[in-house]
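Inspection log for the structure reproduced underneath, given as structure tokens.
The values are calculated or read from the model by the stated rules, or taken from the named source; none is laboratory data. All of these numbers come straight from a predicted model, not from anything done at the bench. Positions of Cβ are backbone-derived with ideal geometry, glycine not excepted, and every protein chain shown enters the neighbour counts.
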């Protein structure tokens with residue numbers, strides 16, 4: 001029985017592994033937001049929003065940037081800026097822009113997705129990309145864009161692969177967009193493996209793409225917001241899409257200040273999240289019926305054998321996998337998934353939390 005469940009014991013707060021979107025602003029970030037100078041961003045005169053857009057564009061080596069409320073809207077603005085009605089974008093089957101964003105490109109932009117199966121490492125095979133680029137024929141949607149994602153399920157897309165994939169796309173007349181919601185996690189992991197500054201690695205990745213969407217509200221820990229970066233012409237088109245989609249905000253400098261603080265203070269600390277995910281993976285290794293699938297970043301998957309799920313769920317639940325989430329929550333562990341559990345580390349999960357979580361998760365996953 002966990003300390004939280006023991007009668008008379010002081011209740012411990014739950015450890016929230018559901019996503020790095022659950023982070024709360026740090027005291028320093030709250031102070032920066034409170035002190036933010038603001039204007040009206042619809043008129044273009046919010047100085048903090050303007051400073052954020054200039055900063056992230058410069059960091060990623062692009063001409064311009066646009067601050068948007070969410071990564072979903074940032075990706076939508078990119079897709080609708082690259083493609084017109086009747087165009088298509090090539091995208092991975094498990095990519096966020098295709099699977100997890102409500103079909104916005106098709107519903108709102110009349111843009112057809114062409115999904116492609118992923119390889120084991122999350123990449124799209126170059127041969128599959130080439131095979132799915134349509135000829136100039138009235139029978140087909142017009143292939144206009146290759147959309148990739150980095151990280152994908154916590155996996156870092158290798159820079160040589162990104163170079164080859166984007167070069168192939170451009171050789172066939174396609175533009176290239178990167179869903180870089182966790183771009184700085186990819187850059188931090190690359191810095192851990194190869195040395196160097198994660199900011200430089202982020203710029204190297206961004207240089208390969210015509211547009212990049214990056215989230216401030218995931219590992220960077222800001223409460224709200226994403227940015228789309230690209231050429232000045234593309235960002236001008238995206239600005240119109242943002243307005244149509246209802247994403248134009250007024251005194252948004254309060255939110256932009258949180259993102260600026262994150263860029264100043266939370267990039268280097270991403271390595272701690274990655275280390276915590278590795279420690280969690282080590283601590284869960286060896287459980288019968290459990291396969292721990294670690295990634296180089298802050299996302300850990302735990303795959304459960306069907307028989308184990310049935311045993312743990314019990315006859316009361318008819319072997320339903322969602323009983324596992326309840327078993328974990330009873331022990332103060334919050335995560336997502338069914339037969340594949342997902343644990344995401346972030347700035348609100350400390351090393352002490354990891355050490356407390358390991359025995360609780362092991363107990364919950366042991367018949």
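Points worth noting:
- Single unsatisfied condition, residue 33 versus (1) in contact with a helix residue (DSSP H, G or I) (Cβ under 7 Å, 6 or more places away or on another chain); (2) not in a helix (DSSP H, G or I): (2)
- Considered as a group, the residues in segment 89-121 that are over 19 Å from the mean Cα position of the chain (by Cα) and in a helix (DSSP H, G or I) include one that is surrounded by the most Cβ atoms within 10 Å (Cβ to Cβ), and that residue is 109.
- Condition broken by residue 266, with the remaining ones in (1) in contact with a helix residue (DSSP H, G or I) (Cβ under 8 Å, 6 or more places away or on another chain); (2) at negative phi satisfied: (1)
- Matching option when the condition is buried (at least 17 other Cβ atoms within 10 Å of the Cβ), at pLDDT 95 or above and in the same structural domain as residue 53 (by TED's automatic domain parsing), among 196, 230: 230
- Filter result (buried (at least 19 other Cβ atoms within 10 Å of the Cβ) and either at pLDDT below 95 or under 21 Å from the mean Cα position of the chain (by Cα) (or both)) within segment 49-69: 52, 53, 56, 57, 59, 60, 62, 65, 66, 67, 68, 69
- Selected residue (only one of 245, 277 is in contact (Cβ under 8 Å) with a residue 24 or more places away in the chain and surrounded by 21 or more Cβ atoms within 10 Å (Cβ to Cβ)): 277
- Residue within segment 167-180 that is more than 12 Å from the chain's Cα centre (by Cα), surrounded by 20 or more Cβ atoms within 10 Å (Cβ to Cβ) and without any contact (Cβ under 8 Å) to a residue 40 or more places away in the chain present: yes
- Meets criteria (surrounded by fewer than 19 Cβ atoms within 10 Å (Cβ to Cβ) and within 24 Å of residue 202 (Cα to Cα)) for residue 131: no
- Pairs with Cβ under 9 Å, 6+ apart, first in segment 326-348 and without any contact (Cβ under 8 Å) to a residue 60 or more places away in the chain, second surrounded by fewer than 18 Cβ atoms within 10 Å (Cβ to Cβ) and assigned to a loop (DSSP other than H, G, I, E, B): 338/320; 339/305
- If you go through segment 70-79 and keep only what is out of contact with any strand residue (DSSP E or B) (no Cβ under 7 Å at 6 or more places or on another chain) and surrounded by 24 or more Cβ atoms within 10 Å (Cβ to Cβ), you end up with just 76.
- Test: residue in segment 207-215 that is part of a helix (DSSP H, G or I) and crowded, with 21+ Cβ neighbours inside 10 Å: no
- Tabulated pairs, segment 111-133, first free of Cβ contacts under 8 Å to residues at least 40 places away in the same chain, second part of a loop (DSSP other than H, G, I, E, B) and surrounded by 19 or more Cβ atoms within 10 Å (Cβ to Cβ), C-beta under 6 angstrom, 6+ apart or interchain: 111/83; 116/124
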